[in-house]
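The values are calculated or read from the model by the stated rules, or taken from the named source; none is laboratory data. Nothing here was measured: the structure is a model prediction, and the numbers come from that model. Every residue, glycine among them, receives a Cβ derived from its backbone with ideal geometry; neighbour counts consider all protein chains shown. All accessible areas refer to the heavy atoms of the entire protein, side chains included, with ligands and DNA or RNA removed. Shrake-Rupley method; radii C 1.70, N 1.55, O 1.52, S 1.80 Å.
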Amino acid sequence: MLTADQIAAMVNARIYGDPGTTISGVSSFDDAGPKDLTFAVDHSFFSRLDETNAGIILVPNEAPAVPGTTLLYNDNPKLAFFKVVAHLMPAEPLAAFIHPSAVIADGCTIGDDTRIEAHVCIGKGCTIGSHVHIMANTVIGKQCRINDACRISPNVTLADKTQIGKQSIVHPNCVIGSDGFGFVQDGHAHAKLVHTGYVHIGDCCEIGAANTIDRGTLGITRIGNGVKTDNQVHIAHNVKIGDNTLVVAQVGIAGSTTIGKDVIIAGKAGISGHLNIGDGAIVGPYAGVSGNVPPGDIVSGIPHMPHKIWLKVSRIIPRLPSLRTRLLSLEKRLKKLESSRTEQS
């Protein structure tokens, strides 16, 4: 149970309404009840602040006051809301444990207070840090390193020499360190290239479910600190991704491409190989990037182009059939005019 006063002190918010209003849970804007805290950050919610049944609403500083409703004004209400969620629903403490069915090869180092669940397999020469949680059915190859306070979800595969920085999360069904799509033509056959590289994932990263991150062919596939990837992302061999970049669902990044820091790559975008995407760039959804993108640029479309141009192009595309009909009609009229002039001469 928390009062509006207590929450305001916790997240540095300004109170409008009754500071003694109490909540015991959290919920979404539409589903909240009188004992729930919720938040509203989108301007479309501001006209509906009197419609929610929530006991307390966290809102940005520009939100209007609503008589009879307890509001907490904050610079970042969504972040503040989830701080309260963490307070009300703290994670269970990690108890050190190694399940009897886990198979741990010789030469491994396991840190303090680490938990290894059922049917985990860890190869020779691995180093597992302290306070790490490795969940069921995960397979970890030889000479891998998982640093402190990481969480490796069920059914993950980490191939040989994979390195994961501290406080990183890998969600279920990821394959990290698999061979890249590397072949060389040999007549009509395709000879496989031996991959000797590995994957290095930085600190405080979050790798979404069912990601595939290929090892470097010879060097390193490197994911910087603070990178967050959504579900079903494919990152090919020798890709480099800078710190704090976001990669949204179903993105594919081809080999040896370098992505800068603080980049956003929206859902289902495809990026060709051997390119450079500059710091702070934004790649729009469904974009097909076939050339370098300068720092700070916003691009969309196939092939990629400046986003403002793509907005104009996307409005024209649905009109193309009617424009084609008009163009054909004009061509027929011109031919008739030309034929008429030829006959007159």
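Could you tell me which of the residues 86, 65 is aliphatic (A, V, I, L, M) and in a loop (DSSP other than H, G, I, E, B)? Walk me through it before giving the result.
Values: 86 fails: in a loop (DSSP other than H, G, I, E, B).
Testing whether each residue is aliphatic (A, V, I, L, M) and in a loop (DSSP other than H, G, I, E, B) leaves just 65.
From the list 56, 98, which residue is open to solvent by less than 20 Å² (accessible area, probe 1.4 Å) and touching a strand residue (DSSP E or B) at 6+ places or on another chain (Cβ under 8 Å)? Don't jump to the end; show me each part of the working.
On the way: 98 fails: open to solvent by less than 20 Å² (accessible area, probe 1.4 Å).
Unique residue meeting the criteria: 56.
Can you list the strands (runs of 3 or more DSSP E) found entirely within region 165-244 that contain at least 1 residues being modelled with pLDDT of 95 or more and touching a Lys or Arg at 6+ places or on another chain (Cβ under 8 Å)?
Values: elements: 175-178, 183-186, 189-192, 198-201, 212-214, 220-223.
Of the strands (runs of 3 or more DSSP E) lying wholly inside region 165-244, those with at least 1 residues that are modelled with pLDDT of 95 or more and touching a Lys or Arg at 6+ places or on another chain (Cβ under 8 Å) span 175-178, 198-201, 220-223.
Considering only residues that are among the β-branched types (Val, Ile, Thr) and open to solvent by 50 Å² or more (accessible area, probe 1.4 Å), look in region 263-314 and name the one that is farthest from the chain's Cα centre (by Cα).
Just the residues of region 263-314 that are among the β-branched types (Val, Ile, Thr), to begin with: 263-265, 271, 277, 282-283, 289, 293, 298-299, 302, 309, 313.
After this cut, where a residue has to be open to solvent by 50 Å² or more (accessible area, probe 1.4 Å) as well, the list is 264, 282, 298, 302, 309.
Details: 264: 9, 282: 13, 298: 18, 302: 22, 309: 26 Å.
The extreme case among them is 309.
Taking the residues in region 68-83 that are open to solvent by 90 Å² or more (accessible area, probe 1.4 Å) and part of a helix (DSSP H, G or I) as candidates, determine which candidate is farthest from residue 50 (Cα to Cα).
Restricting to residues being open to solvent by 90 Å² or more (accessible area, probe 1.4 Å) and part of a helix (DSSP H, G or I), the top hit is 83.
Name the residues in region 134-160 that are open to solvent by 10 Å² or more (accessible area, probe 1.4 Å), among the aliphatic types (A, V, I, L, M) and more than 13 Å from residue 205 (Cβ to Cβ), would you?
Restricting attention to region 134-160, the residues satisfying the condition of being open to solvent by 10 Å² or more (accessible area, probe 1.4 Å) are 135-137, 139, 141-143, 145, 147-149, 151, 154-155, 157, 159-160.
Right, trim to among the aliphatic types (A, V, I, L, M) and you get 135-136, 139, 149, 159.
Passing the criteria: 135, 136, 139, 159.
I'm trying to understand the selection: among the residues of region 193-237, which are surrounded by fewer than 20 Cβ atoms within 10 Å (Cβ to Cβ), more than 19 Å from residue 141 (Cβ to Cβ) and polar (S, T, N, Q)?
Once the filter is applied, which keeps residues that are surrounded by fewer than 20 Cβ atoms within 10 Å (Cβ to Cβ), more than 19 Å from residue 141 (Cβ to Cβ) and polar (S, T, N, Q), region 193-237 yields 225, 231, 232.
Residues in region 141-153: is at least one in a loop (DSSP other than H, G, I, E, B), within 20 Å of residue 234 (Cβ to Cβ) and at pLDDT 95 or above? Before you say what the answer is, go through the steps one by one.
Filtering region 141-153 for residues in a loop (DSSP other than H, G, I, E, B) gives 141-144, 147-150, 153.
In the following step, the residues that additionally are within 20 Å of residue 234 (Cβ to Cβ) were identified as 141, 153.
Restricting the remaining residues to those that are at pLDDT 95 or above gives 141, 153.
Among the residues of region 141-153, at least one is in a loop (DSSP other than H, G, I, E, B), within 20 Å of residue 234 (Cβ to Cβ) and at pLDDT 95 or above, which makes the answer yes.
Take the conditions hydrophobic (A, V, I, L, M, F, W, C), closer than 25 Å to residue 215 by Cβ and within 27 Å of the chain's Cα centre (by Cα) and apply them to residue 85. Does it pass? Full working, then the answer.
Details: hydrophobic (A, V, I, L, M, F, W, C): yes; closer than 25 Å to residue 215 by Cβ: no; within 27 Å of the chain's Cα centre (by Cα): yes.
Here the answer is no, as residue 85 does not meet what is asked.
Would it be correct to say that residue 322 is in contact (Cβ under 8 Å) with a residue 12 or more places away in the chain, part of a helix (DSSP H, G or I) and not aromatic (Phe, Trp, Tyr)?
Values: in contact (Cβ under 8 Å) with a residue 12 or more places away in the chain: no; part of a helix (DSSP H, G or I): yes; not aromatic (Phe, Trp, Tyr): yes.
In short, no.
Going by what's in this entry, would residue 336 be described as charged (D, E, K, R), open to solvent by 20 Å² or more (accessible area, probe 1.4 Å) and modelled with pLDDT under 90? It would help to see each step written out before you state the result.
Details: charged (D, E, K, R): yes; open to solvent by 20 Å² or more (accessible area, probe 1.4 Å): yes; modelled with pLDDT under 90: yes.
Criteria met by residue 336.
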